[in-house]
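Written out below as structure tokens is the structure these notes cover.
Just so you know, all these numbers are worked out from the coordinates, no wet-lab data involved. Quick caveat, the model's predicted, so the values are computed rather than measured. Because the Cβ atoms are built from the backbone with ideal geometry, glycine has one as well, and the counts that use them run over all protein chains shown.
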Amino acid sequence: MFSLVRSLAALLPLAGLMAGGVQAKALFDAVEVDQTKFVIVAAPIGTGERAQLNIYEQRKDTRPCFALAEEAPVKVDPLLSSFDFTGICSRYIDGNGYSLRVGEEDLASTYRISVVRETGDNVLMAFPSKPSAGPEMVIARSGGHSQNTDYLLLQPEPGWKLMRRQFGGRNLGHVYIYRDSWPVADQPAPEAPVPGLW
């Protein structure tokens, strides 16, 4: 009897962890957004040797938040940086504003998102914080490179889109870089990415 009680006591912390995991999954919801109101951008840092992820959202049509050049790679003019965009635009520039999500799994604490400069391209990558977290994933590409100081549109790989974080039915100022399921190496990709400006 004593050994049974000891065994049950040993299982209690594990049960608590499992319950905590379920609660963490259910804490935030992911809801659809109008993809045409967003752009994801490789924004230059300093002299432009490196770039970081920016996401711009057109919330109201009062005035444009960004402009796209009809060329390849597509250059983005971040117009919102030239006026007070409060209530008109939203700008998500770090982990407080965006994170990774696959299905019901919120991966903010286990994945980091980085723009990687490759020869002739800019690639938006998701890197696991530890090998057991999951695979590296390619999220989007600029499809070319121009001047280091240019802001370039990142076009999503098939299966990726943006969704908004929601809590208790209330939309939050945070977006998910989202896909429904984990990518599988031998699984055929959809024919085209989600339509939208980005």
Semi-axes a, b, c in Å (a largest) for the stretch 74-159, each sqrt of 5 times a Cα gyration tensor eigenvalue, come to 25, 19, 10
Diffing the stretch 30-47: the Karplus 3J(HN,Hα) column from phi (6.51, -1.76, 1.60, θ = phi - 60°), in whole Hz with x for Gly and Pro, holds 10, 10, 5, 10, 7, 4, 6, 8, 10, 9, 10, 9, 8, 9, x, 10, x, 7
Quick calc, the stretch 35-158, dipole around Cα centre from Cβ unit charges on Lys, Arg (+) and Asp, Glu (-), nearest 20 debye, gives 220 debye
Hey, rough spin-label estimate for residue 52 and residue 148, points 7 angstrom out along Cα→Cβ, what's it come to in nanometres?
-> 1.7 nm
Most positive-pole-ward Cα, 115, 54, 133, against dipole of the stretch 35-158 from beta carbon charges = 54
In what sequence do 70, 49 fall when counting other Cβ within 10 Å, fewest first?
-> 70, 49
Amide H neighbours of residue 140 under 5 Å, counting only residues 5+ apart in sequence or on other chains, H built in-plane at 1.01 Å?
-> 124, 157
With a point put 7 Å past each Cα toward its Cβ, work out how far residue 93 is from residue 181 in nm, to one decimal.
-> 3.9 nm
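What's the exposure ranking of 130, 37, going from fewest to most Cβ atoms within 10 Å?
130, 37
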Tell me, what is the percent relative contact order of the stretch 35-158, built from C-alpha pairs under 8 Å that lie six or more residues apart?
-> 27 percent
